[in-house]
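Q: Questions regarding the structure given below will be posed in turn.
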Amino acid sequence: MTPKLFHRPPPAGDTERPVPRWAMRLAYALPLLLLPACLWRLPFALHFEMGQVQSGDMPAYWLSIPYVLGLSVLTEVIAILTIGLVRGWGEVAPAWIPLIGGRRVRPMAAVVPAVLGGLILTVLFTAVPLGDDRDLTLYGVVDSVGYTNDAWSALATMCVTPIAAWGPITIALAIAYYRRRTARSPNTAACHGTSPTADPPAAQRPPHAEGAPRS
């Protein structure tokens, strides 16, 4: 029996049209992809610097604890909400939501926030190391954070680097969602009394019988 290294994505039969397998896998992998960065930043709430060379003092506990915990929780919540781009509750709002529960979600109402959020995340987390503790980002060259030794630097790189894929993944899922929601169903033409493979109306008219009188 051949071992299965990759599990099958969960069934998503509640969507109007089938979800591409790659989109399903990316959506469910995103919360796990961001989890190392969320866990890595938690010690900062208690003023443990994770080997970073800090130039200033850490904020007070009453500020650092809710900020760091809230940022990590918010990151995972947003990643989980992204799964809605591949599930039925991203097409029809769940019944328990006030006012909009049970209503169809307009494609652009989900696509626009997802694309804008993906662009913002791409700008925030895209950086290319230039050396000398400097990074090239989409908004200019900035100073990178130094570490006391290579071990701390390697740990930070492994935990934080995957977060750079957050924005591009969100944009890709939003585009796939838009294409799936706006694609024309092959049954649309049949609903209007035509068929994609039918002959044009002129070709469907029976020819006049030979020798039949004309009025």
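The values are calculated or read from the model by the stated rules, or taken from the named source; none is laboratory data. It should be emphasised that the depicted structure is a prediction, and the values quoted were computed from it without experimental measurement. Virtual Cβ from ideal backbone geometry, glycine too; neighbours counted across all protein chains shown. All accessible areas refer to the heavy atoms of the entire protein, side chains included, with ligands and DNA or RNA removed. Shrake-Rupley method; radii C 1.70, N 1.55, O 1.52, S 1.80 Å.
Q: Filter region 125-161 down to the residues that are over 19 Å from Met50 (Cα atoms) and more than 26 Å from the chain's Cα centre (by Cα) and list them by number.
A: Hits for region 125-161 are Leu130, Gly131, Asp132, Arg134, Val141, Val142.
Q: Does Pro66 satisfy the condition of being of a type outside the set (A, V, I, L, M, F, W, C), at pLDDT 95 or above and open to solvent by less than 80 Å² (accessible area, probe 1.4 Å)?
A: Against the criterion (of a type outside the set (A, V, I, L, M, F, W, C), at pLDDT 95 or above and open to solvent by less than 80 Å² (accessible area, probe 1.4 Å)), Pro66 qualifies.
Q: Okay, moving on. When both residues are 6+ apart or on different chains and their Cβ atoms are under 6 Å apart, which pairs have a first residue that lies in region 37-61 and is in contact (Cβ under 8 Å) with a residue 24 or more places away in the chain, and a second that is assigned to a loop (DSSP other than H, G, I, E, B) and open to solvent by 40 Å² or more (accessible area, probe 1.4 Å)?
A: From residues that are in contact (Cβ under 8 Å) with a residue 24 or more places away in the chain, the pairs are Gly51/Thr148; Gln52/Val145.
Q: Exactly one of these conditions fails for Arg180: (1) modelled with pLDDT of 75 or more; (2) open to solvent by less than 60 Å² (accessible area, probe 1.4 Å); (3) in a loop (DSSP other than H, G, I, E, B). Give me its number.
A: Among (1) modelled with pLDDT of 75 or more; (2) open to solvent by less than 60 Å² (accessible area, probe 1.4 Å); (3) in a loop (DSSP other than H, G, I, E, B), the lone unmet condition for Arg180 is (3).
Q: Which of the following residues is in contact (Cβ under 8 Å) with a residue 40 or more places away in the chain and assigned to a helix (DSSP H, G or I): Leu71, Leu116, Leu26?
A: None of the others qualify; the one that does is Leu26.
Q: Only residues that are aromatic (Phe, Trp, Tyr) and part of a helix (DSSP H, G or I): list them for region 29-61, please.
A: Residues satisfying the conditions are Trp40, Phe44, Tyr61.
Q: If you don't mind, another one. Quick check on Thr122: is it open to solvent by less than 40 Å² (accessible area, probe 1.4 Å), of a type outside the set (Gly, Ala, Ser), assigned to a helix (DSSP H, G or I) and within 21 Å of Pro36 (Cβ to Cβ)?
A: Spelling it out, Thr122 is indeed open to solvent by less than 40 Å² (accessible area, probe 1.4 Å), of a type outside the set (Gly, Ala, Ser), assigned to a helix (DSSP H, G or I) and within 21 Å of Pro36 (Cβ to Cβ).
Q: Does Leu130 satisfy the condition of being open to solvent by 80 Å² or more (accessible area, probe 1.4 Å), farther than 26 Å from Ala23 by Cβ and hydrophobic (A, V, I, L, M, F, W, C)?
A: Taking the combined requirement at face value, the residue satisfies it.
Q: Of the numbered conditions (1) over 28 Å from Asp150 (Cα atoms); (2) open to solvent by 60 Å² or more (accessible area, probe 1.4 Å); (3) of a type in the set (Asp, Glu), Glu49 satisfies every one except a single condition; which is it?
A: (1)
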